[in-house]
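The values are calculated or read from the model by the stated rules, or taken from the named source; none is laboratory data. As the structure is a computational prediction, the values presented were derived from the model and not from experiment. For neighbour counting, all protein chains shown are included, and Cβ atoms are generated from backbone atoms with ideal geometry for every residue, glycine included. In case anyone asks, the SASA skips ligands and DNA or RNA and just uses the protein heavy atoms, side chains included. Shrake-Rupley method; radii C 1.70, N 1.55, O 1.52, S 1.80 Å.
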Amino acid sequence: VPSTPVVQENNGEAAPVRTYQDLLATPYDEDVFEWLMSSDLLLVGVDGAAQDLGVSGMINSMDPSPDGSMILVESTHRPFSYLVPYSRFPNKIEVFNADGTLVRLIDDQPLMENVPTGFGSTTTGIRSIGWRQDVDATLAWVEALDGGDGNLETDRRDALKILPAPFDGEAMTLIELSLRYAGTQWSDEGYALVSERWTPTREFRMYKVPTNGTRIAIQTVFDYSYEDRYADPGSPMSDTDETGRRLLMTEDGGNVIFLTGTGSSPEGDRPFLRRYNMSSGETTEIFRSEAPYYERPLAWVDLEKGTYLTMRESTSEPPNYFLRTEGKDGSVAVTNFAHPY
């Protein structure tokens, strides 16, 4: 039972918010939330031995740098809100060494109750922060240039920035976007593919952005309506290297990428695998699913040998994995799972 009445007051200005369910409603809810969210950061070896790094709190996420030397930690703290979900609660962004020593407080974001409403609106300050996958320890994040207000008429909405360790200088802007940021895929060839989209108009664009900050060389890779599923060129494929970094799969010095998509058509979805040359715009289709099967490419097994893995199913056959080779007909069954019924 609450020991006091639940009192809410505003600060005299309008702060319209969406209606959310399952919000905190009492001081007791706050205590339970904090208790359930509290955790400790541990370093656990493959032998099961655990080392407490001494980092505690309401940890939302932790992400080790590609070289394993640092850990990016985001944690929630009070004051809480009864108007917005926990993703809008105060958020502390910190970087620690692998032994738990604090390297740098990147940002301590306040409670965000007064965020503009409407499609295309977002929070101000640092968001979508993470590690660049092509280097050892460099942070990348996005900041709104329009105050997060999607209703504002402007030609610049978001900026993608990077900051290398030890994180004590000014962040460098890689690209300023005219639409809202929609993701980055890092390449080991000196560039990244940066996407933007705008919900009111269904626009989607992808850019090839040099990671050295040379904005004059930015190239538009795709520009289409994401609502037009027939015209969807596909999504670039990434792969995890031997060190655990998630990087774009490329050929020809990074000039060629590989695309997979659902392949929507009047006959239904026909998943595909394509090779795309970003300089010439030429597309070569390597594989497309054919009736009566629904078969989708999953990953390259050996790019040099041209072998890739698919999953195939039909109205009478359960999903199974198959190995295909580029330029050759037929496939080799990898699994033979029995029909569950």
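Tabulated results
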{"item": "Total residues in the range 292-322, condition out of contact with any His (no Cβ under 9 Å at 6 or more places or on another chain), in a loop (DSSP other than H, G, I, E, B), hydroxyl-bearing (Ser, Thr, Tyr) and open to solvent by less than 90 Å² (accessible area, probe 1.4 Å)", "result": "2"}
{"item": "Condition check for Thr325: open to solvent by 90 Å² or more (accessible area, probe 1.4 Å) and at negative phi", "result": "no"}
{"item": "Residue within the range 20-40 that is within 22 Å of Thr243 (Cα to Cα), exposed (fewer than 11 other Cβ atoms within 10 Å of the Cβ) and hydrophobic (A, V, I, L, M, F, W, C) present", "result": "no"}
{"item": "Answer residue from the range 66-122, given it is among the β-branched types (Val, Ile, Thr) and under 30 Å from Ser187 (Cβ atoms) and is farthest from the chain's Cα centre (by Cα) among those", "result": "Val103"}
{"item": "Residues of the range 112-140 that turn out to be crowded, with 18+ Cβ neighbours inside 10 Å, assigned to a strand (DSSP E or B) and either touching a helix residue (DSSP H, G or I) at 6+ places or on another chain (Cβ under 6 Å) or hydroxyl-bearing (Ser, Thr, Tyr) (or both), as a count", "result": "1"}
{"item": "Residues that are on the phi > 0 side of the Ramachandran plot and more than 32 Å from the chain's Cα centre (by Cα), drawn from the range 2-45", "result": "Gly12"}
{"item": "The range 245-287, residues that are among the hydroxyl-bearing types (Ser, Thr, Tyr), assigned to a strand (DSSP E or B), under 16 Å from Pro233 (Cα atoms) and within 20 Å of the chain's Cα centre (by Cα)", "result": "Thr260"}
{"item": "Residue check for Ser289: hydroxyl-bearing (Ser, Thr, Tyr), more than 30 Å from Asp67 (Cα to Cα), out of contact with any Leu (no Cβ under 9 Å at 6 or more places or on another chain) and buried (at least 19 other Cβ atoms within 10 Å of the Cβ)", "result": "yes"}
{"item": "Of all residues making up the range 180-214, the number that are open to solvent by 60 Å² or more (accessible area, probe 1.4 Å) and either touching a residue at least 40 places away in the same chain (Cβ under 8 Å) or on the phi > 0 side of the Ramachandran plot (or both)", "result": "4"}
{"item": "The range 29-61: number of residues that are of a type in the set (Asp, Glu), under 13 Å from Tyr86 (Cβ atoms) and free of Cβ contacts under 8 Å to residues at least 12 places away in the same chain", "result": "1"}
{"item": "Unmet criterion (only one of (1) more than 21 Å from the chain's Cα centre (by Cα); (2) open to solvent by 20 Å² or more (accessible area, probe 1.4 Å); (3) more than 28 Å from Thr173 (Cβ to Cβ)) for Ala217", "result": "(3)"}
{"item": "So Tyr230, is it assigned to a helix (DSSP H, G or I) and either at pLDDT 95 or above or open to solvent by 60 Å² or more (accessible area, probe 1.4 Å) (or both)", "result": "yes"}
{"item": "Ile59 aliphatic (A, V, I, L, M) and touching a Pro at 6+ places or on another chain (Cβ under 9 Å)", "result": "no"}
{"item": "Residues being out of contact with any Asp or Glu (no Cβ under 7 Å at 6 or more places or on another chain), on the phi < 0 side of the Ramachandran plot, small (Gly, Ala, Ser) and buried (at least 17 other Cβ atoms within 10 Å of the Cβ) - total across the range 51-93", "result": "1"}
{"item": "Residue pairs meeting the criteria (Cβ under 9 Å; at least 6 apart or on separate chains; first closer than 19 Å to Thr122 by Cα and without any contact (Cβ under 8 Å) to a residue 12 or more places away in the chain, in the range 1-28; second in a loop (DSSP other than H, G, I, E, B) and open to solvent by 80 Å² or more (accessible area, probe 1.4 Å))", "result": "Ala14/Asn114"}
